[in-house]
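Take a look at the structure set out below.
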Amino acid sequence: MRIALCQINPTVGALQENCKKIVTWAERAEDQGALVAVFSELAISGYPPRDLLDRPQFVQDNMAAIETLAGALPPNLYVLVGAVHQAALDASARPHNSVAVMHKGHIIQWIHKRLLPAYDVFDEGRYFVAGGKQATLDILGTSIGVSICEDAWNDVAVLGLENRYTVNPIDDLVNDGAKILINVAASPFAISKFRPRTKMLAAIAKRHVRPLVFVNQIGGNDDLIFDGHSAVFGPDGNTWHLAASFAEDMVVTDLGPRKPSSQLPEDECAIKKALVLGIRDYAKKCGFSRAVLGLSGGVDSALCAVLAAEALGPSNVLGVGMSTRHTSEASVTDAMALVANLNIEWRHIDIDTVYTAYERMLASVLDAGLAPKSDATFENVQSRIRGASLMAISNRFGHLVLSTGNKSELAMGYCTLYGDMAGGLAVLSDIPKTMIYRVAEAINREAGQALIPQNILDRPPSAELRPNQRDTDTLPPYDVLDPILEGVVENGMSEAALVSKGYEASIVRKVIQAVSRNEYKRRQMPPGLIVTRKAFGPGRRYPIAQKYKPLTDR
């Protein structure tokens, strides 16, 4: 049986556009002799449609699009497409997350998702009703077991994880006679997830001694990035076919063993590809063609500029230097060297006159009280002047403002509301500082040159908001800070647990307090591209006004 794995990039809500793309790829599949073409989860609506599903008209339009699509597909091809399904068009009834099986102009079977994830970025129970036990799909006498994304996430013991569910849809399909397993998915990328996911799916295929076809969405939708890596796993537990990473692709297979022509990328390469795709799709799907960002001469803005130039094209990226009396000559020189390497547009603004005006204007108010004069007030003023300048450029020319703060800074509150946090997309908000350097170095290795000038990588990081400032004046060294942050933010570890691992108690306490204290800031940041197990954003819903302290830490 020849099956085409159609790994496409749908746009959320673009029903007609998505259906047109599905027809095009189905025709390609038929041209390559496929009998079955498989598309990803909710390919018609795009994933995740979120509260669009609360609009009855959206669900009705989705159902109408499905009916039209069935008649437009090659009639002799069996097409499996992820879609929202509502049997009775009743605004009070929640729909199913489903797969429509189409053949000869008709929908011949509906298959509903059984396991609805409600953790991290997922909230499917808010929108969908779970399906019951599903019948297998019969195609020319071959029994096929079709599942949808989370339905396959039962065999997590192979990953050392705890199973969340009491039913196993894959086991049920096999017990009902399925000879081929197909899983359609919209499984978001995370650096800690994309390799284990492959390992888990391969283990399922081996345990059941059946080929498993996995078709995943690619693309960026708001803060989520989907990596693709659609694959065929053989009954021997090997990967027989592997689709491209972070790109649309089609794999046509007769379900026979072969060495895959591609392989999973290294972590730094995967992060780079994910962020490039995230920028490109966020801009395109939101109607932006150009981006602007501040170039400080530091590594964060340099990396962001490289990613933006690759995502949008160098001619569509504007870097702006905004110097004050505290900006070193090396910072300006390094920023201009980066601009020359990338061939992006460059503008320089001397904001010191505005900064001086703020000092004069606020002196009588700020000096009237008893507050210390050595605080960060005027450091933040500089940052806010820069944020306002970038937003002015955005307003005039329609550029998307990219904010460049990293996860380490955002975790600790080492960032300025309405300053460096201003923008339309927080590109690096889920990348710890130490990973920033690893990705930057990987980019230079791949380019075969110091695309990001070596001086930027070598200089101690500094916000340059006061004389001789270094990040370590305020923060622990990043090689100490980042592992603690991973423990706190991604793994939910307590102070006691971290101290037991050898971290200094005073530093751990400072980090935990800062993470909690700065939740209000992070709630106001732009959408941030997600690449780790736990990002600041919709998958981490901590209250702002809270004072919980574990008993063991008191």
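Miscellaneous remarks
- Each of ASN9, LEU255, GLY419 was scored by the projection of its Cα onto the charge dipole of the chain, and the greatest displacement toward the positive side belongs to GLY419; charges sit on the C-beta of Lys, Arg, Asp and Glu.
- Here the range 312-329 is scanned for amide nitrogen atoms under 14 Å from the site 7 Å beyond the Cα of GLU359 along Cα-to-Cβ, giving 324-327.
- Helix 329-342 vs. the chain, principal-axis angle (Cα, 0 to 90°, nearest 10): 30 degrees
- Packing, taken as the mean count of other beta carbons within 10 Å per residue, orders the peptides 378-385, 343-350 from highest to lowest as 378-385, 343-350.
- Nearest 10 degrees, 0 to 90: helix 194-208 Cα axis against the chain principal axis: 20 degrees
- Magnitude of the charge dipole, the range 493-554, Cβ model with Lys/Arg +1 and Asp/Glu -1, debye to 20: 200 debye
- Modelled label reach - GLN16, point 7 Å along Cα→Cβ, the range 54-86 residues with backbone N closer than 18 Å: 57-73
- Across the alpha-carbon set of the range 198-279, the Rg to Rh ratio works out to 1.01, Rh being the Kirkwood radius.
- Per residue of the chain, the DSSP helices (runs of n ≥ 4 H) give a summed -39500 (n - 2.57) that works out to -11000 deg cm²/dmol at 222 nm.
- Under 5 Å between amide hydrogens, built in the peptide plane, is the criterion, and for VAL292 it picks out LEU318, LEU400, VAL401, LEU402 among residues at least 5 positions away or on other chains.
- Straight-distance crosslink candidates among lysines, where the alpha carbon sits under 21 Å from LYS179 and sequence neighbours closer than 8 are dropped: LYS113, LYS133, LYS199, LYS206
- Solvent-accessible area per residue for the chain (1.4 angstrom probe, square angstrom): 42 Å²
- Helix 352-366 and the longest principal axis of the Cα set of the chain meet at an angle near 70°.
- Distance (nanometres) between label positions extended 7 Å along Cα→Cβ at THR24 and HIS106: 3.1 nm
- Placing +1 on the Cβ of every Lys and Arg and -1 on the Cβ of every Asp and Glu, with no other charges, gives the chain a dipole of roughly 540 debye about its Cα centre.
- Full-stretch length increase - VAL167, GLU504 - with 0.36 nm per residue and alpha-carbon distance subtracted: 116.9 nm
- Packing-based ranking, highest mean first, of 424-430, 109-115, 249-255, 94-100 given that Cβ atoms within 10 Å are counted: 424-430, 94-100, 109-115, 249-255
- When each of the peptides 33-46, 447-460 is scored by how many other beta carbons lie within 10 Å of its residues on average, the order from highest to lowest is 33-46, 447-460.
- Annotation: the antiparallel percentage among DSSP beta bridges lying fully within the chain is about 50.
- Taking the square roots of five times each eigenvalue of the Cα gyration tensor of the range 359-449, the equivalent ellipsoid has semi-axes of 32, 19, 11 Å, listed largest first.
- Farthest towards the positive end of the charge dipole of the chain, among the residues LEU293, LEU80, GLY539, is the Cα of GLY539, using unit charges on the Cβ of Lys, Arg, Asp and Glu.
- Taking the charge dipole of the range 97-214 about its Cα centre, with +1 at Lys and Arg Cβ atoms and -1 at Asp and Glu Cβ atoms, the residue from TRP110, PHE128, ALA203 reaching farthest to the positive side is ALA203.
- A simple spin-label model places the labels of ASN175 and ALA450 6.4 nm from each other, with each point 7 Å out along Cα-to-Cβ.
- Apportionment of accessible area to carbon and sulfur, the range 410-521, percent (1.4 Å): 51 percent
- Modelled spin-label separation between ASP367 and GLU519, with each label point placed 7 Å from Cα along the Cα-to-Cβ direction: 4.0 nm.
- Within the full protein context, the accessible area of ARG164 is estimated at about 150 Å² for a probe radius of 1.4 Å.
- Here the relative contact order of the range 483-539, from alpha carbon pairs under 8 Å that lie six or more residues apart, stands at 34 percent.
- THR416 long-range amide H proximity, modeled H, under 5 Å: MET421
- Considering only the range 54-188, percent of DSSP beta bridges that pair antiparallel, nearest 5: 75 percent
- For the range 41-93, the Cβ-based charge dipole about the Cα centre amounts to some 100 debye (Lys, Arg positive; Asp, Glu negative; other atoms uncharged).
The values are calculated or read from the model by the stated rules, or taken from the named source; none is laboratory data. It should be emphasised that the depicted structure is a prediction, and the values quoted were computed from it without experimental measurement. Backbone-built Cβ (ideal geometry, glycine too); neighbour counts: all protein chains shown. Quick note on the areas: whole protein, heavy atoms, side chains included, nothing else; ligands and nucleic acids left out. Shrake-Rupley method; radii C 1.70, N 1.55, O 1.52, S 1.80 Å.
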